[in-house]
Structures are given as structure tokens and as C-alpha cells.
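One structure is given here, and the rest of the page talks about it.
FYI, it's all coordinate maths here, none of it is from the lab. Here the structure is a predicted model, which is why all the values come from computation and not from measurement. Here Cβ is always computed from backbone atoms with ideal geometry, including for glycine, and neighbour counts include all displayed protein chains.
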Amino acid sequence: METLEKHDLEENTILFFSSDNGGSPKDHESAGKNLSLRDSSEDIGPKAKNAKLTASKKLGHKTNGDLRGAKGKTYEGGVRVPFIVRWPQKIAAGSQSDQLITLTDILATAAGFLGQNLPESAGVDSFDISPVILGKSQKTLSRTNVLVQNARGMLAFREGDWKLRFQKQPQWQGDKAKLHEKYELYNLAKDPAEQNDIAKAHSERAKAMVKNLTKILNNGRSR
């Protein structure tokens with residue numbers, strides 16, 4: 001923002017703020033003293049496992065809040081991140097939305113801001129959320145689910161408030177996927193910390209989500 005203001009561009013720039021994943025299980029050493037929640041001029045070194053890190057956690061610091069998991073995991077602590085967009089005179093200051101969104105949507109949304117349509121072959125997992133961000137709609141009918149995959153190929157799949165998390169990678173036969181039969185199901189509206197696996201209690205819901213995810217994987221795209 002300081003750079004935009006310096007060059008008199010802050011009123012004519014669309015600014016996105018987010019992160020590609022939740023915080024690391026071990027706060028990165030570059031966090032250093034900034035992670036501490038107390039005022040102190042004491043220099044005790046930059047490593048993550050120092051007295052300041054310990055003190056900050058004792059004072060209530062939680063890198064990912066009460067969410068389960070962290071970077072590299074498919075639990076919410078690894079994938080749920082802040083998402084803020086600033087566009088003066090276009091986006092109402094302080095407005096909020098519970099629209100489901102993922103970072104791949106930035107491509108189609110930026111195109112939507114500019115009144116452009118993506119070709120069918122571009123951004124095959126990107127949906128235009130611009131009407132929601134601009135306050136023209138409460139929800140978009142296009143983005144109704146999100147597929148999550150970590151570096152080891154573990155999958156999770158969200159539809160509305162429901163989230164299916166697989167315990168093993170899918171098996172592939174050519175370009176066709178077979179999802180593993182061991183999975184967990186959570187209702188994030190009631191259980192955002194993912195403490196209660198309700199896959200057995202809602203087996204039909206879980207099976208329907210498995211079917212929908214398999215279709216997306218086999219199509220090779222979600223848009």
C-alpha cells in the first residue's frame with residue numbers, strides 16, 4: 001500500500017491479499033521476534049524454537065487459530081486462508097462474503113472485473129467470483145465445490161459446508177481415477193476444527209461426494 005500511495009496508484013489498483021496455504025507446523029525461523037506477543041527489546045536469536053516463540057504460545061498465539069492441521073495437510077489449518085480484495089469505488093469497504101473460493105479463481109475473477117470471458121481452454125478450474133465481490137450477487141452458482149490436493153497427492157473435497165478428506169492417494173489407471181475407500185467427512189459449519197468424523201452417520205452424503213469428485217477428476221477439469 002505504501003508503494004501504491006507513493007506512486008499515486010492506490011485508487012486505481014485492484015489489490016488481492018491472501019496466502020497459498022496455512023501456517024507451517026513449526027513457525028518459520030524468519031518469523032523471529034515478530035511472532036512474540038509481548039513487548040521486549042531482548043535479543044534472543046531468530047530461531048523458531050526460542051523463548052519468544054514459547055512465550056507467544058503461552059500468551060495465546062495460534063498460527064492457524066483453532067483449525068486442525070497446518071501447511072502440507074488437507075485439514076482446514078493447511079488450506080483455509082485470508083482472502084481480501086481492495087478496489088476503491090468498486091468494492092464496498094468492510095463488506096464480507098461466505099462464498100466458497102480458491103486461489104485459482106483469481107484468474108477468472110480478474111477477467112470478470114475487466115468484463116472479459118475466459119476461453120474454455122483457459123483456467124479450467126477457475127470460476128468468476130466478481131459478481132459476489134462487487135456486491136451484485138450473494139452467491140455464485142458456478143463455484144459450488146473445491147478440490148484440495150497436497151504435495152503427496154492426498155485429496156480433500158468440499159461441497160458447501162461438507163468436506164470429504166481421504167486418508168490415502170487415489171489410484172490411477174491411465175487418466176481414470178479410483179478413490180480410496182477410507183475417508184473422513186466433516187460438516188464445517190458445525191465443526192470447523194474437524195474433530196468429529198461423521199462419514200458413517202452420513203454415508204449417503206459421503207458416497208455422493210465421492211461420485212462428484214470422481215467425475216471431476218476423470219474430466220480433468222472442474223469448469
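Remarks
- Neighbours of Leu107, meaning other residues whose beta-carbon lies under 10 angstrom from its beta-carbon, give a summed charge of -3 when Lys and Arg score +1 and Asp and Glu score -1.
- Relative contact order (%) - criterion: Cα under 8 Å, at least six apart; region: the range 96-168: 26 percent
- Cα gyration tensor category, rounded, prolate or oblate, for the range 53-177 with a/c compared to 1.5: oblate
- Label-point gap, in nm, between Glu204 and Gln149 - each point 7 angstrom along Cα→Cβ: 3.1 nm
- In percent, rounded to a whole number, the relative contact order of the range 162-209 is 33, using alpha-carbon pairs under 8 Å and six or more apart.
- Sequence-distant contacts, meaning Cα pairs under 8 Å at least 6 residues apart, place the relative contact order of the chain at 15 percent.
- Residues in the range 94-133 that a label on Glu11 would reach, taking backbone N under 20 Å of a point 7 Å out along Cα→Cβ: 94
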